[in-house]
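Q: I am attaching a structure below and will ask some questions about it afterwards.
The values are calculated or read from the model by the stated rules, or taken from the named source; none is laboratory data. Note that the coordinates shown come from a computational prediction; the quantities given were computed from them, not determined experimentally. Cβ sites come from the backbone with ideal geometry, for glycine too, and all protein chains shown count toward neighbours. Please note that ligands, DNA and RNA were not included when accessible areas were found on the heavy atoms of the full protein model with its side chains. Shrake-Rupley method; radii C 1.70, N 1.55, O 1.52, S 1.80 Å.
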Amino acid sequence: MSIGDPFLMGINYWPRKKAMYWWSDFDAGEVREEFSMIAELGLTHVRLFLLWESFQPAPTRIDSRALGDLRTVCDIAAERGLKLQPTFFTGHMSGPNWAPDWLLSKNPIQPGDRQVVSLTRNSGSPTQIHNVYTEPFVIDAQDLQLRTVCGELKDHPAIWAWSLGNEPDLFCRPPDAQTGTKWVADRIATIKSVDPHHPALIGLHSASLDGDVGLRVDRIAKVTDISVMHGYSIYHPLARKPLDVDYVPFTCALTAALAGRAVLYEEFGVNTQWPDGPSRWTDLPMWDGTVRRSFFASESDAAEYYAGVLPRLHRMGALGAFCWCFPDYDSSLWNRPPCDLQLYERFFGLWRADGSLKPMGKAVGDFIKTGPRVQEAERTVTLAVSADAFYKDPAAYNRMMYERFGKM
């Protein structure tokens, strides 16, 4: 992708009535209907997730039914003119971590660990997972999944890119940056051994700007084809307010400075509330007994946020923007992870659970109608120090640079 190419407009996808459970209860008609909605809005790319337990029920076996269903999804996408980015090793998703039973270790969950759930393990596991970057049998399992899925679909016209994970440091951290970089490089090599033609990447998020979590932006850029970033002003203390329209563009520019290239902004968005009402903060009890203060935007405020962020990302020279996410979830899912405890996860969609388009979905459609193309960045972030020095105290540098960045 280069200057003058179409600005990629995408969506992160889970079905409205199935969420993370769709591979175990697959419905091609549901996918066909929802992909039609996505295409009709003008979106061109769909990022979807291969729930690990659905695709690999044992470390030495890939589920043939799930693989066949993925091919069906690809066929439907091709019919609708959509391009797909399958994401492996999911993994962390919408609050909890989702892990097959075979990935569980004997080490007990520690205070501060994330809830580890599965399709049937709603309350969470009492043990942690094996380290996915260092445990040999897990790495062998990963390579089996990569070779099988990429080999099966490498020639499908709907595939545009492969991703190694969604915010993988939240699922499990590498012991250090050297190990994390080598793991990414080795898994990319596995993909390229069967599919040398499609780009391969990994879904880093703002934690890789806030500190060294074993997946540094500068080092990962050297071993992947595309650099990406995820950021949410509603979650981050650097943001000046919950709906700070400059926070996401700033993190895009910072990522580009560290990576040395333009960035695909793979996740951003805001949750609304149902029924609609004024934007508000509320305290939510979490699975471990703690309380999380969470922001819920009004539908009109959320639309204004999208209408502010998208053109700013475009002006920052981004390669594209993928919205989080396609649906609000049907109330039948509200008593199951992630909707049971992370109430904000129920309402991140551009579409409501009944299939109607929200105002922020219309804001996305309006932006698409402008026909944006990748352009030179109008503004950049300049690192005053080397990447190694930056990662020694990123919080201080981030504050300083965001103050200088100001407002667009």
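Q: As I understand it, the dipole of the chain uses +1 on the Cβ of Lys and Arg and -1 on the Cβ of Asp and Glu, about the Cα centre. Which of Leu209, Ile188, Ser118 lies farthest toward its positive end?
A: The listed residue farthest towards the positive side: Leu209.
Q: With point charges of +1 on the Cβ of Lys and Arg and -1 on the Cβ of Asp and Glu, referenced to the Cα centre of the chain, which listed residue (Leu313, Thr127, Gly42) lies farthest in the positive direction of the dipole?
A: Leu313
Q: Determine the distance separating the Cα centre of the stretch 377-401 from the Cα centre of the stretch 54-121; give it in Å without decimals.
A: Value for the Cα centre distance between the two parts: 34 Å.
Q: Follow-up. Just to be sure I understand the model, the point goes 7 Å from the Cα along the line to the Cβ. What's the resulting Met408 to Ser331 distance in nm?
A: 3.9
Q: List every residue whose amide H lies under 5 Å from the amide H of Ile11, counting only residues 5 or more places away in sequence or on a different chain, with H placed 1.01 Å from N in the peptide plane.
A: Excluding prolines and chain starts, which carry no amide H, the hits are His45, Val46, Arg47, Cys323.
Q: About its Cα centre, what dipole magnitude does the chain give when the only charges are +1 on Lys and Arg Cβ and -1 on Asp and Glu Cβ, stated in debye to the nearest 20? All intermediate terms of the calculation are to be shown ahead of the outcome.
A: On the way: 42 positive and 49 negative charges, 117 e Å.
About 560 debye.
Q: On to the next question. Please check: in the Gaussian network model of the chain (C-alpha springs, under 10 Å), which one of Tyr391, Tyr306, Tyr265 has the largest mean-square fluctuation.
A: With Cα springs under 10 Å in the chain, the top fluctuation among Tyr391, Tyr306, Tyr265 is at Tyr391.
Q: Taking 1 over the mean of 1/r across every pair of different Cα atoms in the stretch 301-395, what Kirkwood radius in Å do you get?
A: 16.0
Q: Below 23 Å, Cα to Cα, which lysines can Lys182 reach? Residues fewer than 8 away in the same chain don't count.
A: Lys192, Lys222, Lys392
Q: Using a Cα-Cα cut-off of under 15 Å, which aspartates and glutamates could be cross-linked to Lys407, ignoring same-chain neighbours fewer than 8 residues away?
A: Of all the aspartates and glutamates, those that pass the test against Lys407 - Cα under 15 Å, at least 8 places apart if same chain - are Asp244, Asp246, Glu378.
Q: Per residue, what accessible area does the stretch 324-382 have, given a 1.4 Å probe and all protein chains present, in Å²?
A: Ligands and nucleic acids excluded, the figure is 42 Å² per residue.
Q: Give me the dipole magnitude in Debye, nearest 20, for the stretch 229-284 about the Cα centre, with unit charges on the beta carbon: positive for Lys and Arg, negative for Asp and Glu.
A: 160
Q: Kindly provide log₁₀ I(q)/I(0) values, in the same order as q = 0.13, 0.19, 0.21 Å⁻¹, from the Debye equation applied to equal alpha-carbon scatterers of the stretch 101-203.
A: Values, matching the q order: -0.55, -1.02, -1.15.
Q: Can I ask one more? Semi-axes, largest first, in whole Å: what does sqrt of 5 times each Cα gyration tensor eigenvalue give for the stretch 271-324?
A: 28, 16, 8
Q: Tell me the accessible surface of Trp334 in square angstrom (1.4 angstrom probe, heavy atoms of protein chains only), to the nearest ten.
A: 60
Q: Report, for the chain, the % of DSSP beta bridges that are antiparallel, rounded to 5.
A: Numbers: 12 of 41 bridges.
Once the DSSP bridges in the chain are tallied, antiparallel ones form about 30 percent.
Q: Given the chain reduced to its alpha-carbon atoms as identical point scatterers, what log10 I(q)/I(0) does the Debye formula return at q = 0.08, 0.09, 0.12 Å⁻¹?
A: -0.39, -0.50, -0.96
Q: In square nanometres, what is one fourth of the surface area of the convex hull spanned by the alpha carbons of the stretch 218-350?
A: Details: hull surface 36.3 nm².
Its Cα hull, projected and averaged over all orientations, spans 9.1 nm².
Q: Which three semi-axes in whole Å describe the equivalent ellipsoid of the stretch 340-408, each the square root of 5 times a Cα gyration tensor eigenvalue, listed largest first?
A: After diagonalising the Cα gyration tensor, the semi-axes are 35, 22, 10 Å.
Q: Please label the shape of the stretch 15-145 as rounded, prolate or oblate, based on the square roots a ≥ b ≥ c of the eigenvalues of the alpha-carbon gyration tensor (a/c under 1.5 means rounded; beyond that, a/b larger than b/c means prolate, else oblate).
A: Prolate.
Q: A further question on this structure: Go ahead and estimate [θ] at 222 nm for the chain from helices alone: -39,500 (n - 2.57) per DSSP H run with n ≥ 4, summed, over the residue count, rounded to 500.
A: -10500 deg cm²/dmol
Q: May I ask you to compute the full-extension gain from Asp143 to Thr72, defined as 0.36 nm times their residue separation minus their alpha-carbon distance, rounded to one decimal in nm?
A: Length gained, Asp143 through Thr72: 23.3 nm.
Q: A follow-up question, please. About its Cα centre, how strong a charge dipole does the stretch 152-273 have in debye, to the nearest 20, once Lys and Arg get +1 and Asp and Glu get -1 at the Cβ?
A: My answer is approximately 200 debye.
Q: Amide H neighbours of Val263 under 5 Å, counting only residues 5+ apart in sequence or on other chains, H built in-plane at 1.01 Å?
A: Hits under the 5 Å cutoff: Leu319.
Q: Return the carbon/sulfur percentage of the accessible area of the stretch 171-316, one whole number, probe 1.4 Å, all protein chains in place. Spell out each step's value before the answer.
A: Numbers: 2810 of 5310 Å².
Of all accessible area on the stretch 171-316, carbon and sulfur atoms account for 53 percent.
Q: For the stretch 252-297, treating each Cα as an identical point scatterer without solvent, what Debye log10 I(q)/I(0) comes out at q = 0.24, 0.31 1/Å?
A: The Debye formula, applied to the Cα set alone, gives -0.83, -1.08.
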